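The values are calculated or read from the model by the stated rules, or taken from the named source; none is laboratory data. From a predicted model like this one, the values you see are computed outputs, not experimental measurements. Counting neighbours? That spans all protein chains shown, and the Cβs are built from the backbone with ideal geometry, glycine included. These accessible areas exclude ligands, DNA and RNA; they are computed on the full protein's heavy atoms, side chains included. Shrake-Rupley method; radii C 1.70, N 1.55, O 1.52, S 1.80 Å.
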Amino acid sequence: MKKIIFMFTALMVSFAISAQAQSMTGTHAEHGDHDNHAHVEQPLVQGAQDDKTVAGDVHVSVKGLVCDFCARALEKVFGKQEAVNDIDVDLDNKLITIDFKDGQSLNDDTIRALIQDSGYNVENIHRVTE
Amino acid sequence: MRNVTRRNANWRKIFFGVMMTREIIFVFFVAVLVIANATVADARPVSYPGGWTMMFMNNGDANTAHLHYSPTAKYSVGYKFEHWRDRGFNLNAAQLNGLVKRWNEKDSQANFYVKGGIGIASERGTSNDDMAGFAGISTDWENRRLFFQYENRYTEAGNIDDFFGQSARVGWAPYEGDYGDLHTWLMVEVDHSPESEDSFTVTPLMRFFKGVHLVEAGMSNQGEALFNYVLRY
């Protein structure tokens, strides 16, 4: 039993260290590469609150989008957002299209963070302005 | 107990028993790596934030059920039940799964997980219960047409049993379905249990995946049925 407790502890400690390291990497990366990890710790931005938030649909090219489970993850996460009316996932092109409710939107940083917290990465974001 | 002969495994004992016979031909074969009569394929042990997953896995060695919840996309916590037929014990455990690293590329995804659990092993037919635990790793790579997976696990069932097992899988999708379509995979799983008489088992199988449901069915080279069901919501 000692062996299994040792192995279990070792695995979980390594996991915790790894998670912490990735979290720190993400914190540093927020100032530069937005494809790295960046948790949403503040209330999500809704409405046109900064210069990156523009009304209209948003097309997001997503890295790691290879299966239905991945697609469902993004659908679930964005479906919980008050500003989101609908989301369409195109597995062929690894593209999601976010349809916002009238007068509402999410800024680019929030979209990136939501996708990263879902376990995926953003390649680029394209806004279709009205 | 430790040198379990798998030839005597009775597929009728398998949950959701499937009507499969030895006539089922091994349609696919791919040479693969190493692997055990004791590993259960815990595909994607971590879900999306807020996601629940139920997994029922059945093969020549064991029937297992695993219910887990993922607070974030980095880890999941859950309950695991395992019924080891020839080894003669049941295991009830709390299981923790962690996604150590994910590599997201434009057309592919790779993952490295650690998994562990602690609970109680109960020897069937006796009053012998003891603390038990298991730990292992899992790694996979997939794009929309190819799939590779390797995993291993060391299990210690107190004073009842202890064993190591590992498995590998190769999969190929004959077509690319879009989101919501029926996805079909042809796979081969190789299991390796170093301590068993028949230490290698090869199991061709088919995976069907639609919506929140994933079903896998196959037959090993030792005539043992495999049937897995995963529900993710």
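Observations on the structure shown:
- Residue check for B:Thr184: in a strand (DSSP E or B) and away from chain A (no Cβ under 14 Å): no
- Where a residue in the stretch B:120-131 is on the phi > 0 side of the Ramachandran plot and its partner, wherever it lies, is surrounded by 13 or more Cβ atoms within 10 Å (Cβ to Cβ), with Cβ under 9 Å and at least six apart: B:Gly125/B:Gly88
- Criterion violated by B:Phe164 - all others in (1) touching a Pro at 6+ places or on another chain (Cβ under 8 Å); (2) surrounded by fewer than 21 Cβ atoms within 10 Å (Cβ to Cβ); (3) within 18 Å of B:Met55 (Cα to Cα) satisfied: (3)
- As for the stretch A:59-69, it holds at least one residue that is facing another protein chain (nearest Cβ under 7 Å) and on the phi > 0 side of the Ramachandran plot.
- Complete set of residues in the stretch A:88-102 that are part of a strand (DSSP E or B), open to solvent by 10 Å² or more (accessible area, probe 1.4 Å) and more than 10 Å from chain B (Cβ to nearest Cβ): A:Leu95, A:Thr97, A:Asp99, A:Phe100
- Scanning the stretch B:210-229 for residues that are surrounded by fewer than 21 Cβ atoms within 10 Å (Cβ to Cβ) and more than 12 Å from B:Gly60 (Cα to Cα) yields a total of 7.
- Annotation: A:Asn85 fulfils all but one of (1) within 11 Å of chain B (Cβ to nearest Cβ); (2) without any contact (Cβ under 8 Å) to a residue 24 or more places away in the chain; the unmet one is (1).
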